[in-house]
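Before any comments, here is the structure.
The values are calculated or read from the model by the stated rules, or taken from the named source; none is laboratory data. All values derive from a computational prediction rather than experimental measurement. Virtual Cβ from ideal backbone geometry, glycine too; neighbours counted across all protein chains shown.
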Amino acid sequence: MESTGVYWIPIYQILETHGFEVFLVNAHHVKNVPGRKSDVSDCQWIQYLHSVGLLKASFRPPDEICVLRSFWRHREGLVQMAAEHIQHMQKALSQMNLRLHHVLSDIVGVSGTAILDAILAGERDPATLANLCNRRIRSPRQTVAKSLEGDYRPEHLFVLRQSLTAYRFYKHLMAEVDLELEQRMRELPRAEHAPDKRPSGTKKRIYQRAGNEPSFDLKAELFRIAGVDLTDVPGISTLTAHTVLMEVGTDVSRFRNASAFASWLGLCPEKQVSGGKVLYTRTRKDKNRAAIALRLGAHCLYHAQNYLGDFYCKMKWRLGAPAAVKATAHKLARIVYHLLSTRQPYSDEVFARCDQQTSARAEMRLRKQAAELGFQLAPITETA
């Protein structure tokens, strides 16, 4: 079956339910000769390629993971639509010369929504509105009051009211999806040999919930079904780990090794050779959601004080920022594959041993070069 849009999904699921082994084939692998063709000729061509063993089935996670993936993708769409209405609110505030989004980091937080509700209720005194801020707001109240002196025009207030109502409606829909996600995730079995209690993380920074994270304890559920804490890896947050598991699942045995896993994600160069000549070695364009999440995680490592942060800086100096992000995301993919396949917790000791081996090889190479030139290297002794 050729993968075209979403038309194949119902037929695939019906056939799979009745016990058929369905081969979902990449459209790039079944290209026919150019000319007049129809659906019937395409079906005959696919049947012929499959009969001679030239087609491979594309990866598709188990059905229970596909169910969770559908809910998670729908939730991502709701988050994006809610973010659009936040932008509409910021535009309406800017048109009224209200700079609330300059003094508050989140205008839809506790303080921001209280101020917006008061404005829509008819309050116009800047000092009164500024006193609605929570005690944790670091901006001085005089600065907040100064940002609330504006031109309250009725057309912009109308847009602000509708945008705030739409935002709250999408937040309500997201809460309903969170309840369904929590129920479905609890139905998944616990991973084999998974400890009952999640070990303490290796990251120095205290875990903080993201603003668009589900309301339930997502980190604990991910550890229960995966058997390993992916968030211990630098650059991988709870949302990143959840996206990877919802796109791939917890069983990576379908991939023969970490290189095949990274290739499926589109995070390694794809060499095209014709007649013994290399045409190009660029990475193919892919919109894999797991790969996008790993790229975002790799981009956050440019200030990290660890092996992955040093690797990103080295690749950025050699290849540039875009290539460094892909190279670091490739390394993150290999780490994720290793953790899911072995169920071993993340540790930096492997990278420390690699650094020691690299230093030993560099020292051996320098000693050999010095011996060829008639010199002998000696360690520097510290003098008091």
Determine whether the stretch 301-315 contains at least one residue that is within 29 Å of ARG75 (Cα to Cα) and either not in a loop (DSSP other than H, G, I, E, B) or not aromatic (Phe, Trp, Tyr) (or both).
-> yes
Provide a single number: the residues in the stretch 267-309 that are touching a helix residue (DSSP H, G or I) at 6+ places or on another chain (Cβ under 7 Å), of a type in the set (Val, Ile, Thr) and more than 22 Å from ASN26 (Cβ to Cβ).
-> 0
Number of the condition not met by THR283 [criteria: (1) farther than 30 Å from PHE216 by Cβ; (2) at pLDDT 90 or above] = (2)
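Every residue, every condition in (1) of a type outside the set (Lys, Arg); (2) surrounded by 15 or more Cβ atoms within 10 Å (Cβ to Cβ); (3) not assigned by TED's automatic domain parsing to the domain that holds MET81, yes or no:
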{"site": "VAL144", "(1), (2), (3)": "yes, yes, no"}
{"site": "GLY150", "(1), (2), (3)": "yes, yes, no"}
{"site": "HIS156", "(1), (2), (3)": "yes, yes, no"}
{"site": "ARG161", "(1), (2), (3)": "no, yes, no"}
{"site": "ALA166", "(1), (2), (3)": "yes, yes, no"}
{"site": "HIS172", "(1), (2), (3)": "yes, no, no"}
{"site": "GLN183", "(1), (2), (3)": "yes, no, no"}
Considering only the stretch 328-377, how many residues are modelled with pLDDT of 85 or more, small (Gly, Ala, Ser) and farther than 25 Å from SER237 by Cα?
-> 5
How do the pairs read when you match residues in the stretch 215-227 that are without any contact (Cβ under 8 Å) to a residue 40 or more places away in the chain with residues anywhere that are surrounded by fewer than 19 Cβ atoms within 10 Å (Cβ to Cβ), using Cβ under 6 Å and keeping only pairs 6 or more apart or on different chains?
-> PHE216/GLU182; PHE223/ARG198; ARG224/ARG190
